[in-house]
1. Taking the number of other C-beta atoms within 10 Å as the exposure measure, put CYS132, CYS226 in order starting with the fewest.
2. What order do you get for SER183, SER203 when you list them from fewest to most C-beta neighbours inside 10 Å?
3. Okay, helix-only estimate at 222 nm for the chain: each DSSP H run of n ≥ 4 adds -39500 (n - 2.57), divide by all residues, round to 500 deg cm²/dmol; what do you get?
4. Compute the FRET efficiency between CYS143 and GLU247 as 1/(1 + (r/R0)^6), taking r as their Cβ-Cβ distance and R0 = 51 Å, and round to the nearest 0.05.
5. Rg and Dmax of the chain, using alpha carbons, in Å: what are they?
6. For the range 190-341, count the residues as N, evaluate 2.2 N^0.38 Å, and divide the Cα radius of gyration by that value, please.
7. Using amide H atoms built in the peptide plane, which far-off residues or other-chain residues are under 5 Å from VAL347 H to H?
8. Name the long-range amide H neighbours of ARG52: under 5 Å, sequence gap of 5 or more, or other chain; modelled H, no Pro or chain starts.
Amino acid sequence: MKLSVIGCGPAGLFAAISAAKTAPELNVCILERESQPLRWMNDARNPPALTRSDDSPDAFAAACPHGADFMHGAVQALPPSILRESLGEMGVRTRVGENGAVLPAEGLDAQRISATLLDYAKRLGIEVVTGCTVAEMNRGTDCFRIWPKSGPSLDSDFVILATGGRAGHSGWNLARSFGHEPSAWVPSPVLLQSKDARARVSSPIPVDGATARIPELSAEAGGGVCLLPNGIGGAAILELAARYSHELAARQYRMTLEVNWVAGHTRGQPTKLLRQIQQSHARKTVMEDAVLDLPRKLWEKLVESMKLPAQSRWSALDAAQLQALAGQLVSSRFKIDGRAMNKAEWVASGGVPLVELDPVSLQSLRQKGLFMAGEMLDIDAIAGGWNMHIAWTTGWIAGSAVAAEYGRM
Ligand SMILES: Cc1cc2nc3c(=O)[nH]c(=O)nc-3n(C[C@H](O)[C@H](O)[C@H](O)COP(=O)(O)OP(=O)(O)OC[C@H]3O[C@@H](n4cnc5c(N)ncnc54)[C@H](O)[C@@H]3O)c2cc1C
């Protein structure tokens, strides 16, 4: 009997591996459109966050704007610590990064990771067919028939769709041909754009402790804000963008963004501090020294935006100007008028609704023998390793379920 997994991302790979490990007699193959699977990981500047260091289902669910209840249970089927162990057994060593994300061990580049995982799959007898785009699929009387874009059709007893959430959504169309109705694909912008002069920078200005707020959504996130030449980014923006992707898209990414550059300080505290600085630095110009450990470039931008006369000295500021400067520190307001057109969005929501699948096996409720996993499902999380864990886990669940089904035949 044969299982065909369509898509060789983390979900497809783990689906195939779990099926082949549990049912070694099952003939498992992966059909992958690209010539080099897992290629997106190969960005040396951004090592992939493979999973999380924390096994808590509550913490995991809290990171998922969509599919939280499902992931609360699913993460117990393959907790991050077990995944790390499994990756280690396959030859992928990991380490824990600063924010709890699990990263590849030092010196292990993404290209090696994909090669190692593919080698492991092949040693289990899994056939990986690259350069094979599945264009169509239907169910005959006793098996699925799969048509690649070119070449002969092939038959399969089970199919796992793991085509991810982007790239033309060809996998979603395959799901549609069995009556599934994927919800709209909504990307989480990595960067928000503003024409505000304070946001116009020629090199990045990261502020690690900063928090960001979208007042009209009563939404707030911490973790840092970074002014970049092509938009406002940073962990806080990524989180807001992932949690409120639909709301932001509905507003066409037009909103007010409020940044507290000195998180932990309320408005009163900087005012008091600025008064003290005024007394001790009376003869210095306001521009001269940044306050509260702010990057100097940011301080200059904030002061410039106050339109004080050039070379204003601290002693020349009146109470209202001090108050306004404190306001800049704790709630700089930016008019956002779009999202940066990044080629690859890291997180996107939308996909096949979970109600259309059996929650234990991820088998389609529309077509027996058809399973789904990964980003093609309507589950997503904020950036930082949760999304890949969703892919590994749902792949693992679908692959194990196929093996169990095969065992019952
Ligand atoms: C630049 C970037 C960086 C990211 N970094 C991180 C990170 O560090 N940590 C994290 O948790 N998440 C990260 N993500 C998100 C993460 O990549 C996804 O959550 C994850 O890859 C989803 O896995 P998947 O297997 O479901 O889909 P994918 O990884 O998208 O794999 C799907 C595969 O299916 C193939 N395919 C599609 N259609 C067909 C077809 N018709 N026939 C045959 N093959 C097909 C595709 O070529 C692809 O290889 C990142 C995303 C991007 C874009």
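1. CYS226, CYS132
2. Least to most surrounded, the residues fall as SER203, SER183.
3. Here the helix-only value at 222 nm equals -10000 deg cm²/dmol.
4. 0.70
5. Answer for the chain, Rg first and Dmax second: 25.2, 88 Å.
6. Taking N as the residue count of the range 190-341, the ratio is 1.06.
7. SER188
8. Under 5 Å from the amide H of ARG52 lie the amide H atoms of VAL102, each far enough along the sequence or on another chain.
Read-outs throughout are calculated quantities, based only on the coordinates presented, and are distinct from any laboratory measurement. Keep in mind it's a predicted model, so treat the numbers as computed, not measured. Because the Cβ atoms are built from the backbone with ideal geometry, glycine has one as well, and the counts that use them run over all protein chains shown.
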